Amino acid sequence: MGTWMDGAFISGVLVSIVTISIQAMATLVVIKAVRYAARHLSGRRKVETLVLVMAASGTLLTVAHLVEVMVWALLYSATGATEPDNVYYFAFVNFTTLGYGDLIPARPWRILGPMTAANGMLLFGWSTAVLFAVLSRSIAYLRLR
């Protein structure tokens with residue numbers, strides 16, 4: 001039994017920092033895209049602008065999550081925590097907190113599952129907050145009521 005400072009824990013913390021950085025960059029891209037849309041796309045087509053802004057924001061954040069899952073999958077692959085042909089699936093199941101339970105990580109790496117889940121919950125919550133902020137500000141800016 002390892003301590004909380006073993007390689008698995010430290011690896012999980014480092015990957016969490018990387019995925020949080022990816023999320024921060026995605027958030028900045030969404031903010032810049034929304035500002036661009038506010039300057040160039042509003043006008044008379046308010047509903048179309050809102051749909052475009054929300055679709056672009058949601059797509060960018062979804063792509064960020066897919067990349068974040070890939071980062072966790074790379075860690076699972078590098079550590080041998082699960083079979084090589086299951087690393088992305090395993091990372092995705094943990095990241096989304098779905099938890100099928102059909103795969104179990106190698107014993108020394110078990111802490112990575114809950115760490116991945118905690119990271120995924122944080123980042124999905126962050127994306128939800130960003131989308132809500134984009135929607136709220138877009139509605140206010142476009143004066144849709």
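Each row is one residue, and each column tells you yes or no for (1) more than 16 Å from the chain's Cα centre (by Cα); (2) open to solvent by less than 70 Å² (accessible area, probe 1.4 Å); (3) under 30 Å from LEU142 (Cα atoms).
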site: SER21; (1), (2), (3): no, yes, no
site: VAL34; (1), (2), (3): yes, yes, yes
site: THR62; (1), (2), (3): no, no, yes
site: ALA73; (1), (2), (3): no, yes, no
site: ASP85; (1), (2), (3): yes, no, no
site: TYR100; (1), (2), (3): yes, no, no
site: PRO114; (1), (2), (3): no, no, no
site: GLY120; (1), (2), (3): no, yes, no
site: THR128; (1), (2), (3): no, no, yes
Q | Residues satisfying the stated conditions in the range 102-112, i.e. open to solvent by 40 Å² or more (accessible area, probe 1.4 Å), in a helix (DSSP H, G or I) and touching a residue at least 40 places away in the same chain (Cβ under 8 Å) | A | PRO108, TRP109
Q: Go through (1) assigned to a helix (DSSP H, G or I); (2) touching a helix residue (DSSP H, G or I) at 6+ places or on another chain (Cβ under 9 Å) and name the single condition TYR36 misses.
A: (2)
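Which residues, counting only those in the range 130-145, are open to solvent by less than 80 Å² (accessible area, probe 1.4 Å) and either free of Cβ contacts under 8 Å to residues at least 60 places away in the same chain or in a helix (DSSP H, G or I) (or both)?
Scanning the range 130-145 gives VAL130, LEU131, ALA133, VAL134, LEU135, SER136, SER138, ILE139, ALA140, LEU142.
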Q: Assess whether LEU66 counts as being exposed (fewer than 15 other Cβ atoms within 10 Å of the Cβ), under 11 Å from the mean Cα position of the chain (by Cα) and under 20 Å from PHE9 (Cα atoms).
A: no
Q: Search the range 88-98 for residues being open to solvent by 20 Å² or more (accessible area, probe 1.4 Å) and of a type outside the set (S, T, N, Q), and hand back the single one that is modelled with the lowest pLDDT.
A: LEU98
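Go through the range 44-53 and give me each residue that's open to solvent by 50 Å² or more (accessible area, probe 1.4 Å) and either touching a strand residue (DSSP E or B) at 6+ places or on another chain (Cβ under 8 Å) or of a type outside the set (Asp, Glu) (or both).
Here is the first cut: in the range 44-53, the ones open to solvent by 50 Å² or more (accessible area, probe 1.4 Å) are 44-48, 51-52.
ARG44, ARG45, LYS46, VAL47, VAL51, LEU52, listed by residue number.
The values are calculated or read from the model by the stated rules, or taken from the named source; none is laboratory data. As the structure is a prediction and not an experimental result, all values here were calculated from the model. Cβ atoms come from the backbone with ideal geometry, glycine included; neighbour counts cover every protein chain shown. Only protein heavy atoms, including side chains, enter the accessible area calculation; ligands, DNA and RNA are left aside. Shrake-Rupley method; radii C 1.70, N 1.55, O 1.52, S 1.80 Å.
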